[in-house]
Structure formats: structure tokens, C-alpha cells
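Reading through the C-alpha cells given below for one structure.
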Amino acid sequence: MPERCGRLPKRMNCTCGIEVAKELVWENWEYVWKVSSLNYLYSSPSSKFFTTLFPQSISLNPGMSFCLPVTFHPTEKCEYNDSIWFELGDSSFQVLLRATLPGYALEMPDAVHLPTCGACDSSEAIFQMKNISMYPTSFSWVVPEPFQFNPAKGTLNAGSRCTIKVIFRPYGALVYEDIATCKSTGEEESTKSICLRAKYPHILVKVPENMQQITQHDDTQTVLDFGCIAVGSTVEKHIEVFNFGICNTVGITNVDYFYVGTTGNTSKSILKVVGSSKGPLVSLEKSLVDFGCVNLGKSATCTLELKNFSDVTTYYQFNTDCSHSVFVIDQPQGILDGLTSKTLSVTFHPMQPINYYRRLACLIQYQDPLYVNMIGTCHSEQIKPGILKPQHIDLYQINMARGLTYYPPDDLSTMLSEKKLTLDQMGALLQKQQKPPLIHPLAEYFNDTFSSTDSSLPPHVSIDVQEFVFSSATQSCPFSMTNHTMGKVSIAWVCTANSVFTISPQACDIPPLKSTAFRVTFTPDKTNALYGAELECFASYKVSFHYHRLFEDCTLCPPWCLTIRVTGHSFQPGLTHFIPKYTLQSPRMVFLPVFQGETTYQSLLFQNIGDLPITYKLDTELCPDITVKPSVGIIPAGARQFFMLKTVPQAGRIHKHILPILLNASEKYIQEVTLLSAAEKPKIALEGDGMLFFKPTCLYGLSQRSYIIKNMNRMPMNFEWKIYSDDSQVLSVAPTSGIIQPNECLAQVWSFLPLEEMRYTITANLLFWRASEKPNAQAIKKTRLTLKIFGEGCKGVITAEQPVIDLCDVLVGDCQSCDLVLLNKDSCSLDFVLEVDQEISGPCDPEEVNDDPTVLDLEVSKGTIPARSKIIIRATGRPSRRLNYSWSIRYHILDLWTSQTEESMPLCQIKARGVYPMITVTDARSSGSSKGISKRHLWKLFSLDTLNSYLQRDPTPSELIYRVPTRHSIRRCPSVFTPTVLNFNFGAAPLGSEPSSVLLMFENKETIPVKWTFLFPADQQIELEYWAETGEFDPAELNAMSIQENKLFTVSPKSGFLFPGQQKSMQLSYRHDFLGISRLPVLLKLSHGREILLNFIGVTIEKDRHYVYFTSNKHTFAPVAIGSFSPPKQIYELFNGGAAPVNYYIDLEPLRVMEEENFNHPIFKCLNPSGQIPPGRAVHIEWIFSPLEAKMYEVDVPVHIIGGESALISFCGVGYNRKLLGESAPDRTTSALFSVPPVQKVPLPDQVVFLSEEQVSIGDIPVYSKTTRIFFLYNTSEKEKMHFTWHNTSEMSKVTSKHALAQYKRELLEWEKEKDRQFTEFSITDKNIKTSSPSKTLPPISRTSYVRRSHKSLRRRQRAAGMLWKKPEAPDPFPLHLAVLARSHSLEEFEANFPSELQKHYIYRWEPRKGKSLLDDPPFQQSLAETLSEPVPYFCQMQSEDSYRTLTNQEDTNADYDESMSTHSDRSVQSVTFNKDPKLPITDRQSVEMQRQEFIHQEQQLELKENIKRLPEFCNLLEEIFLNTLQNIMREANSGELVLTSRPRVIALPPGTPNRAESARTQCRSKPCRKRTRTSPQSQTQQLLRVSRWCPNNTTQPVN
């Protein structure tokens, strides 16, 4: 088989400095591999299928490489695995050799996650599938619905990839997850997980800077307001569509409301779009231009200013042809930008000596026309008409409106003189009962009083044809003018030179009510040209020219200006006319909506954008309902033309008109404009078919509903609501009137205020009409709709789900929240307001806390509860003091008139207790050099009682400056913010001794967590930069720095966190490395709580120094009542802090002096003024303080230490009068003196023996009594036994391992034997003597005389060689301190102070006989009898019949004992009487004598028993029996063999069917059994406990 080459790995690993491949893989069966290494060895492959060079050592320099060929020789078709090991110094590594077989394999992802999509929508995702095998592989996918794969099957060549598209089309809003299976050629099926998800679509619409929609109801539409915008311009606004379903959406629109929804219409959101158009606001500077009088052939010029007060740009055009008019405007049309003005120049050049007046219209885009009056007078040398003045125009307009201008001035003057006419205040002519009509500007434009008959007033002079269109040749067309006045009218046409349009005749007179014919002629001056013009003429009364001086100014009538429009062209037939270039405002125009019979207007802007003029003609034959002005004309190049349109639409349908515009007189250029118009009827739709329902409402409460009315018209409507006066107190609506825009849904707020508990049915009327723009609209027709309103008034009450809510303990300054659930069980909603009354209780000053603000915050104090529902209000309490807080919450039901009801109702109560984080020291243990200190003494050294009292107090405000541990000072000794300072005294010990360690147990007894931290001075100092350090330190700072650097004081851990009820031990230690007294201030900081400054104090002395450690130079004894016969003993402790025993003695001379001063009464008495103190131990100095008066006594007593420093101690004591103090007298019981915890909670290292109690309180006992207390020692070691020894002098037990103690005794015995042997044996130096038996000599004893006589160098050599045998040292015992406290009293004092306790120590003898014992005591017998009534224990069933009979006989004997004793004397007398009776027979006498002898014997036996009971030995024996019984019971209970608190167990007998005799016998036997055998372990323990109380015993000597 040929050799194959392997595949080169892509990555190389670096191992031991060698860049090497991790493995070699053969796929094409040959491979050459490069190895870069140092000096290395390699081994050959273990199999014969892989071969390489013979193993040899190869050395490679840095950067060199070596190629090691590896050849693979397969023998069969299978997979091969091998390896090559390389060794490089002490390390080695291997390279794997692997040959694989080709196969089919497709690589694809395990899962495909598709994007979320909505129902009925689709989403897509793609993934790659790769053929990682060496053969072409076909695949086929099996895909479940609603997923699709594209492609679903195919073939992949080796190493090729394929992109698979996954299409997801869900049909429901569900979560889809399914498995798609891929089947490929040559291998088993492989499954791939595809996770897909479809979510229910949901959208909402939001307008920026506006309130977003929160629901999908119509009354909560999102409003998009465009504001006022320019007509014709476009303003864009943005809306935000929130797709909460993260799905695609589709929008649906309808007029002014947009419904944004999803595919499938599963969610819909409404957008209300509101906008109003804003047009230009153009005005003329003046409405009249007076040119005055101008001579013929001259001209006059005036200015006219246009101002646009809006920001909208607009177009303007003056309706005149300046080329054929006497009034020429330099800019007759143009653009007027927003907020700008334009000054126009108007020139007056008259052609005839007449008066000139023209009311010229200025057309403005998107605004009504403006009118300007232009007047002027022309004089010639022959003709000088009257000068036309502005007041003439004002009077004319009034007279024209009143219809008086149809009469010539001479007739009016006659009528005025005849008083047929009068003058008004303005000087105008006035006829009775005439009101001038008001004309709309657009109506005036179309009805110009001379060119139309639609005006309310007929024209003065009219022209039958006003527009002419001429063709190419010279043409003329006739027209006529009619005089509609009562006077003769003179006509004067304005003719310009070189005009192609002429009129003949140019001037003539027209009689009243007559017509005259005229002809207009078109004479083009060039071919292929377009022409157009507006020809004007002036008509005036004939009398005005010649007799104007004879008339009044009020009768003067200005001329009328009449115009005709003419157009023509000179194109020859067959020639193509000019192609018009123009823009049209819109090819589709919609007239504004109006009601039937009303006129609507519209404007159309046409602009010539070419270089040639354009003629136009608007043919209205196809749309006769449309009126256009102008319909004929010419538009110069670059000019604009406004077409004004009007129509009167008919109701019932939409009218569509096609208006053609013929351009350039050619049929090829026709522009059609579509015009739409319609007349509407007023209509408003009411929501809910005209019915409005209010929910049940609380009396005097306000209920509001939103009600929608919709304007179905395309014009704004005025509306007004009418409510009857009787219902107006109950029902109201806002707004009551207004304007509703076209197609607008207007939401109105209806308010319902019930005054009685009843159901209401109210009717309201809606009046609406068109919003008219006419100031004086008359006879407005209004439409009426009726709305029915239903409501109900009822009462309501609010309750709380929990009447009392307890927030428990809350950290002061922190907050605690709770949910206040308010319930409304009625059918009406209730508006409420909550009030909070705060009450603070606890140890505080009521006047001080009354001024505190309320610290309970309600999330909502005012609101509404819906009917039959509940609301949750978050209440947060923030206690500011460590007191009890109680908040009473009351509520008011709000109404509309009084804001709230008069009386508040209780709702619930919230309680809380403000607390501070606190810890308590529950135990303390000493170890190391201070292990000899008892717990009580340690409690005093560390002032733990004071520390606990400080920890239970409130922190001061200064302590809360830094609520958590903070570095706040730049000093080495930081400032202190707390007033509480304590000393932690570690005691004294010799230099180099073990550190004095103290273990403290911290316990969190509060209900909140607490974090505590011990802060050393360095922990409170802010770390400064190097340049900020001064380098100058005072001695205190240097001392503190030295202590902290040498770590003399350590605390572990320095901080901790305690949950409620949790305990944690921490260790404080002091190292005795430096002589002297070490002091370090350490701050104990409770986060959010107290700060206490602890002065750590430790003393280190020389090893051979005699030193007694005095914690203070003052000692105060417990108070003692004056008049006490036997004052108690009190203890003062002295502690030996050195390594050697110390002898002390107390100087009693100050005590003797005080005794002499107090009538030789010993106020202070020391019972053991001298003694010895063992090293590391304390002794008790016993004192008796006996005051004579109720005052404080103090004496300074020297305490001398032999060989050491003495001290002057001040002893103090207070005497008090018990009668005066009464109940406030100091507590005299021993429990008041025991403040140290009696149970050990902190185990010491390597401690295996524990005391059940470390303090035994005997209590108050009378003299000559014995009291016993039981405590236990526990050995927690599972393998080792412990040996303990009690020292009664110090109440300390030394515990030692029994194994270690036995080993010590064995070693000590061997050491003593060897010592004796070496003392008696000697060495023979004679070398000639032969030893009989060689023996190995042990090392010499270090303390023999031989060793003492040896030279020091020899001893050093022996010590170095290990030849000295030191004396074994006893194992260091573990000390267990036991504190015993008792207070003895005299019998009289004890009986006076503790009368109820006397019977526990003494037995009352109420019988005269002295031989009566405890067994004869009736109370004791009664107690024994009571024990027989207890339930029968289960082991009573197991007794034998003999024992049962014995118990029965004993019961009978005990029952008859009292009766036999009571009749004993009677029987004695009777027996004697029987003996003296001689009449009795002998046999009877003998029987009587035998009875007498038996009775005497019984009496002797009874007396003997009584004597035995009186013996002390019997009493001691009985007491020991009871004591041992109690000890056994307690030992069994302690070990778990007996449960004292368990209930007695009774085993019921199985049911049987005995005969009646057996049943009676069984019943007779069971009765005494139930009575006598109830002696369970529990009842026995109780019985023995009673005996122990009645029979006191003594096993431990009481300590006073």
C-alpha cells in the first residue's frame, strides 16, 4: 500500500520553549512535520504503522528548525492512534498521531432563533450548512408548520457551504418551538432545535410634546395639531408609533383620523390630526388715493403701500390693465413676502377733462380681495368740472347702499330742498326706514354694480357684452351700454395711441333708461402675434360737468368706471400657435362646503413661465353653474393671473364640473380643470344613540363622563347645550357651547352631582348651526337633538383590608413601606382624602415629641376608589426617634360643595418602632497571659456592663455626622464625636509572655441587621499626598504610630455584620513585646448607630518584678442598710500580673481611725488583710461594710506589695435607710449582684471541657442551713478522657488530659528513679577492672551534685550533645472559673425579709412530740398522696400480683394508721379493764393477755422507729439517698436518657370478654392499681424535687 500524507495543523503550540503541533492527523495519508526546538530527545512510535528516524539527540540553536519525517503505513481500513514523546531536560511532552477514515458529515448550528413577528405576518432568518467531509453529501429537511426551509433539499460538495433560509409564518399569536430534522446521505438522522416565537401585536401612537394615548378608545385619541400654516404650503410633523408587540404594522387612514393597526386587525390605535390653515394678512396703507386736480396733458403720482402682517408669502394682482387705464401702477402684480411691505407707485394721467373714480380690486392669494378707491379730476382750459374729493366717495358709498345714486344730483337736491330727504350725522342722504346692506368682498368682486344683474342693487350703467375674442383678420364687434339711472349719463372711453383695439364712438350721452350701441374694432399691426387688453370708460351724470356748483356736495355722484376685456391674434390659418408654458395651481379644485342656496367661492392661480404672452378663454358653457371672472384675457410673459370662481351647489350629491381653458386661441392647447362642489345639510351625530349613562355616584360627589359628538359636515358648526333649570344643579357639561370643526369628534365632559339617593333620568338638548362668518347673520336656522342622561345617587363607606398594620422595627432615619389596601364595597366610586394623626409613646418627654412632624408619608393622600374594588396606597414610615409610633389614618368623603364631609371616619392604624442598630456583649473569655482572670473580673476590666448600657442608648447627633465608617480626619489622632469613653484593660503580664487575648461574643438582640467596625486611628485618617505631610508629630501621635506599626493591639475581625438574633465572636489581643503601659484609642462604630471610644490599655512588666495590677484607685462597695445586724461580706480582688508569687498586706490604721470617729464601731473591716497571690491569679480580699448613718463613707487604705509598688486605694460605701426609701431601696438579692452571663458562649481554642454554668448563685439563705446546687462538666472530646481538680480557695478547676497526665507521671517517676540511681552510683576510673556485664549509662541528671560541680564548658557540651535529662514538666492545665455567690441572713432578718422562703430551709414543729420526723409531717404526706392521682405509666402494667397485693395492704395500713393511733389510748385502758375483770373465763383472759402483750410489742417497735428517725445518722443517710437520687435523675436527663418534660405514657389493655365475676374481680383490682402505681420517671422526679426542697442538703460550701 502506498504511503499517505497527513494534514498540517493550523495552529502550533509552544511547549517547554518548543513550537510544536498538538497532534498529527492523516487524512490523505502522508505528512512531513517541522519541529522548532532546543536540545531534545525523542522516542519512536510504539506501533509499526507510524515510523520515523532512529531516535537521536538533536541540538537546535535559537531560530533554527528541524524537520522530522513521520510515515504512516496502514494495513487495513480502520482508524489508527499513536504518539511520539519528546524529552527536554526535566520536562517532556507528546505529539499525538492519528489517522482517520473519511466519512459523511454536515456542520450546522444547533439552534436557529427567528425574529419575533405578528400573527399573519412573516419573518426570516438564515444559517450556514457546510459539508466538512470529503465526499458529496445530499440532504433533505423535514420541517413542521408554520416553518419553511428554502432550499429544503440539495447536495453539497466536499468543503462547500449552503445558505438555508428559514421562513416563519405564524397564524396565531402564540409561542412556537419545534424540531427540524435533516436527513443526509450515509449517516443517521441528525436533529437540530429551532426556537421560534410569535407575539400578539400591540401598538400605541404618541405625538412628541403631547400626551400619549393610553387606551384605544375614541375618547382618548392622540391629537396631532398642525396649528396655523400658510395656505398652499406644507408643514411636516412626526408621530411616534410604539409597537409593543415588536411586530410590523400597517396604517389605515380615514379623513382626519388615522387608524394605525396591524395585519389581521388585532390591534388598532387612533390618531386625530387637527390642523388649521393660515393665510396671508395683507392690508393697504390707505383705502383711497386722491390725485386731486390735474391739468389735461399732465400726470400726478402717488404711493400706495401693501403690508403683509403674516409670515406667509403670497401673490397679489390689481385687477386692471395699466396699458389702457388712466391709473397706472408700476407693479400691478407680484410677490409679497411674509412680514414685509411693498410701496407701489400709482400714476394718474387723464386724457379728458372729467372726474375720474375707479374702485380697483387687489386680488390676493388665499385672502379676500382688497379694494382701493382712486379719484382724480382733470381740468382743461375750457372745461373745469367740480373737483372730486374723498368725502364725496364716502357719501357716495352710503348713498349707493341706500339706492339714492340712481337719481341725478339735481333731482336729489330738489328732494332735499323739499324735505323728502334728510341728512344723517355724516352728511349723507337719508331716507326713512332704510338700512345699508353689507356686501362680502368676493360678492362685490362679482357683483360690481355695472356688469352683473345678480347684485342686490341693479347697476347704474351696464354693458351687455364684456369680453371679446378676435381672430386673425381685422374685425369689429358691436355691444351696447344701458343707462339704468334717472338722469342723462355721459360716456367717455379711454383711448390710448397705437392700440390695436378701438371703440367707437369714444364719447356720447345716454338718456335715462336708454341704451346706446358701440363697436369695438381689432386691427392687428403685425402677424403671428397675440393681443389682449382691458378697455375702460367713465360714465357720469351730464349735469355734473356744467352745473356742479348748483348742487350740494352730498348729492354729487362720482363717475362709474366700466371695462371690457378683448383678446385677439394675428395667426394665419394653418399656422401653429405659440406653445404655452405655464403652471397651474391645481388641475382639481374643490369648492368650500356650503349649505343649500349659498354661494361658494374658489380661486385659481395661473402663471406664465414662458417668454411669450398667453391668451386664455374659459368656456363655461359646459358648466353653466360656474361663474368665472375674468374669462378672457392675456397674460404677459412671466406674469400671473387669478381666476375667481363661484357656484351655488345643490344638495343631495357632489357636483363635478370640467372647466376647459383655451390657451393661445388654439384647440391644441386646452387645459381642463376639474371642479367639485356640494351642498350639505347640518348634521351632528351623538354617541350611544343619544343616551348617556353615569355610574352610581356618591351623594354630593361628582361623577364625570366623556361624551363624543361628531360633526358630519365639512364645515364648522356652532353648538350649544340646553339643560332645564331644575336639572342644572344635578347635571352640567363643559363646554356648554363652542365650535366643532368639520369631521371632528369632540369629547365633552358631563358632570353628574346627585343630591338624593335615587335614580335620575334627565333630558338635555343640543342646538347647532353653521359657524357664519357674517357679522350680522340674520334668521340663523338651528337644529335640535335630544340626549337622555341616566344616573343614580347612593352612599358609600371606605374600609381597610387590615385594620392594624405593623411595620415592626424600622431603623431611625431609614424608611419602611407597606401597602395600605382600601376597600370600597359599595356600587359607587368614592372620592376621598386621607388624614394622618401621629402618636409617639415610650420613654420620652410628651411635650417634646408633640412638636415632631408627621413621619408617615402616603403615596396618595387624595384619590378615588372605583365601585366594588380596592386600591393600594404605599405608606412609608420614617421614624426619627427610638420610640413607638402609632399613626391613625382617617378619611373624608369629598363632595363638590364643601370639599369634604364635616366629620372624618377612622380607617386603620399603622404601628412602627424606631430602633437603632445595637449589639450586646453576651460573653467574654480570656486566654493567653490573662487566662487566670475570671470572667467576673474580666467583665470589670473591660467595663462590659457600662459598654452594654452605652450600646443600648440613642446615639447623639454628633455621632451621626458620619453614619458609616469614614476617613474624615487628616490628623494622626482623629477627633472624637462621641461623649462616651470606656477603657478596655488587658491587664498586665511579663515581657515576652503570651499575648493577652480576650474573646468577646457580640449578639444582635434587635430585629434589624447591624454592622460594627473597630476603627484604629489610622483607619480614620485621610491618606494625604507626600507633599502634604508635615513630618512633625507630638508624643501622643508618635506613641499611637508606634503601637499601630508594631501591632501591639489587634482586633480580629475588625468589622462584621450581624443579622437579627445572630452571634459572632471576635478576638482582642495585646502583645507584651515592650515594657511599659500602652494606650491606644479605638473607635467602636455601629453603622447608623452609636460611636464609643475604647481606650485599649495594656501593661508589660519585667519577668522578675513583683507586680499587682490595680485597675482603679477607687473601689465602691454595694450599699448596705443601716441597722443591719449582720452586714454581708463583700469582695475586693487583687490580680498578680507578674511571673512570681506576690505577698501583700493591708495597712489597717486608717480603718482604726475611722472606727474611733464612729463610736468605736467598725465601719470598714478587712477579714484577710495579708496573703499571697499566685502568678497570673487573683485573690479575694473580704470586707465587711457596716454603716451607722445614711450617708457615704470613704477611707484611703494603703495596700503594700512586698518587693513591689504599693498603692493607696480609696474604699467607698453608702448607707441607706430602708424605711425611708421603701420600694426604691437598692436590691438586696444576689441576682442584682450577678450581671455577668452565667453560660459560656465563646469557646476557647483547644477547649474540650465546658461548665453547664459558670456562675452558681446560692441566693439568700439563713444561717445554719444547707443549700445544694447541681452543675455539670461536659467533655466534648470523643476520644480523650479529661481529669479535673477543684481549688476551693479560688473556685477554679484545672482540667488536664488524663492521658497527658498519666504520661507526665510515668516520665516523672522514671526521672526520679534515674535521679536516685545517679545519686547513689559512682564511676570507677580504673581501666584494669573488667566489668562483668556492660550496661548503657543514662544521661546524667541536670541537678545532681556532679553536674553542679562540673565545669560550665562540660555542661554546655553535654547540653549540646543532648546528654542532660531535664525534669519533666507537668502539662499546662486548662482553667475553668466558677463564680459562687451567696448571701446569708440571720434567722430574724431572713424571716422578716423573705417570709415565703423560710419553709424551704426550716421545718415547723406544730406537735409537742420531739420525735416526729419528715415522714410524719401532714403536708409531706399530702404531697405523697397527690402523686398517686397522676396517670398510670406504662410500666405499671408489668408488676406481679404479689406486688399488687403488697401495695394494696400498704394502702390499707396507711389509711388506718391515723385511726389506730387515735384509738391507741382507749384500747390501752380497755385492755387493762379486761385484765381486772374476774368474771371473764380463763381462755378469754389468756386471749386478752396475748392481745395486751402484742400491743405492748407494737408500741415498743413504734417507739424504736421513732428513736431511729431522730438520730442524726438516719437523717444524713436519708438526705444522701435523696441527693443521690436527684443527681442520678439529673445525670440521666442531661445525657438524654430521660425527658423530664414528656407526658406520661399509658398502655391500654386489649379488650376481652371475661365473665361477670372475673370482670368484677378485675375492676376491684384495677382501682387501687390506678391510684397507687402512678410513679413514672417524671412524677418521681417531681417528688424527689419536693423532698429536696423540704430536706435541704449541702454538698458545696457557700461563699459569702
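The values are calculated or read from the model by the stated rules, or taken from the named source; none is laboratory data. All figures in this text were calculated on a predicted structure; none of them were measured in a lab. Here the Cβ positions follow ideal geometry from the backbone for every residue, glycine too, while neighbour counts run over all protein chains shown. When the accessible area is computed, the model is the full protein with side chains, heavy atoms only, and any ligands, DNA or RNA have been set aside. Shrake-Rupley method; radii C 1.70, N 1.55, O 1.52, S 1.80 Å.
Within the option set Glu1182, Glu1157, being under 30 Å from Ser929 (Cα atoms) and modelled with pLDDT of 90 or more holds for one residue only, Glu1182. A residue that is farther than 20 Å from Pro1237 by Cβ and open to solvent by 20 Å² or more (accessible area, probe 1.4 Å) occurs nowhere in the stretch 1250-1259.
The lone criterion from (1) farther than 25 Å from Ser603 by Cα; (2) in contact (Cβ under 8 Å) with a residue 60 or more places away in the chain left unmet by Val282 is number (1).
Sub-7 Å Cβ pairs linking a first residue in the stretch 371-395 that is of a type in the set (Val, Ile, Thr) to a second residue that is assigned to a helix (DSSP H, G or I) and surrounded by 16 or more Cβ atoms within 10 Å (Cβ to Cβ), at least 6 apart or interchain, are Ile375/Ile393; Ile383/Phe545, ordered by first then second residue. Based on what the data block shows, is Phe1002 among the hydrophobic types (A, V, I, L, M, F, W, C), surrounded by fewer than 16 Cβ atoms within 10 Å (Cβ to Cβ) and modelled with pLDDT of 90 or more? For Phe1002, the condition - among the hydrophobic types (A, V, I, L, M, F, W, C), surrounded by fewer than 16 Cβ atoms within 10 Å (Cβ to Cβ) and modelled with pLDDT of 90 or more - is not met.
The single condition among (1) closer than 28 Å to Val812 by Cβ; (2) surrounded by 20 or more Cβ atoms within 10 Å (Cβ to Cβ); (3) more than 29 Å from the chain's Cα centre (by Cα) that Ala912 does not satisfy is (3). Among the numbered conditions (1) open to solvent by less than 70 Å² (accessible area, probe 1.4 Å); (2) in a loop (DSSP other than H, G, I, E, B); (3) among the hydrophobic types (A, V, I, L, M, F, W, C), the only one that Ala497 does not meet is (1). Residues of the stretch 326-343 that are within 30 Å of Lys384 (Cβ to Cβ) and open to solvent by less than 10 Å² (accessible area, probe 1.4 Å): Val326, Phe327, Ile329.
Taken residue by residue, the stretch 712-720 has at least one member that is of a type in the set (D, E, K, R), at pLDDT 90 or above and in contact with a strand residue (DSSP E or B) (Cβ under 9 Å, 6 or more places away or on another chain).
Within the stretch 699-709, is even one residue touching a residue at least 24 places away in the same chain (Cβ under 8 Å), within 30 Å of Ile654 (Cβ to Cβ), aromatic (Phe, Trp, Tyr) and open to solvent by less than 50 Å² (accessible area, probe 1.4 Å)? No, every residue in the stretch 699-709 fails to be touching a residue at least 24 places away in the same chain (Cβ under 8 Å), within 30 Å of Ile654 (Cβ to Cβ), aromatic (Phe, Trp, Tyr) and open to solvent by less than 50 Å² (accessible area, probe 1.4 Å).
Under the condition of being open to solvent by 30 Å² or more (accessible area, probe 1.4 Å) and within 10 Å of Pro146 (Cα to Cα), the residues counted in the stretch 161-176 number 3.
Could you grab me the full set of residues in the stretch 622-656 that are farther than 30 Å from Pro332 by Cβ and either part of a strand (DSSP E or B) or open to solvent by less than 50 Å² (accessible area, probe 1.4 Å) (or both)?
Correct list: Pro649, Ala651, Ile654, His655, Lys656.
Every test in (1) out of contact with any strand residue (DSSP E or B) (no Cβ under 8 Å at 6 or more places or on another chain); (2) surrounded by 14 or more Cβ atoms within 10 Å (Cβ to Cβ) is passed by Phe1159 save one, and that test is (2). Screening Gly1259 against (1) within 59 Å of the chain's Cα centre (by Cα); (2) closer than 28 Å to Gly1536 by Cβ leaves a single unmet condition, (2). For Asp464, the requirement of being under 29 Å from Asp619 (Cα atoms), at pLDDT 85 or above and among the acidic types (Asp, Glu) is met.
This table checks each residue for (1) more than 30 Å from Pro1119 (Cβ to Cβ); (2) modelled with pLDDT under 85.
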| position | (1), (2) |
| --- | --- |
| Val1214 | no, no |
| Thr1229 | no, yes |
| Val1248 | yes, no |
| Pro1262 | no, no |
| Thr1276 | yes, no |
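Of all residues in the stretch 683-698, those satisfying the criterion of being open to solvent by less than 40 Å² (accessible area, probe 1.4 Å) and closer than 23 Å to Ala867 by Cα are Leu692, Phe694, Pro696, Thr697, Cys698. Here Ser1069, Ser1112 are screened, and the one residue that is of a type in the set (S, T, N, Q) and open to solvent by less than 40 Å² (accessible area, probe 1.4 Å) is Ser1069. I need the full set of residues from the stretch 314-340 which are more than 13 Å from Tyr366 (Cβ to Cβ) and part of a loop (DSSP other than H, G, I, E, B), in order please. Answer for the stretch 314-340, where residues must be more than 13 Å from Tyr366 (Cβ to Cβ) and part of a loop (DSSP other than H, G, I, E, B): Asn319, Thr320, Asp321, Ser325, Val326, Asp330, Gln331, Pro332, Asp337, Leu339, Thr340.
Of note, Leu618 satisfies the criterion of being farther than 30 Å from Val797 by Cα and either open to solvent by less than 10 Å² (accessible area, probe 1.4 Å) or modelled with pLDDT of 85 or more (or both).
Please tell me if Phe1016 is at pLDDT below 90, open to solvent by 50 Å² or more (accessible area, probe 1.4 Å) and not aliphatic (A, V, I, L, M).
Judged against the criteria, Phe1016 is not a match.
Of the residues making up the stretch 713-729, those that are part of a loop (DSSP other than H, G, I, E, B) and open to solvent by less than 50 Å² (accessible area, probe 1.4 Å) are Asn713, Met715, Pro716, Asp727. Restricting Gln397, Gln425 to those that are at pLDDT below 85, open to solvent by 10 Å² or more (accessible area, probe 1.4 Å), under 20 Å from Ala361 (Cα atoms) and of a type in the set (S, T, N, Q) reduces the list to Gln397.
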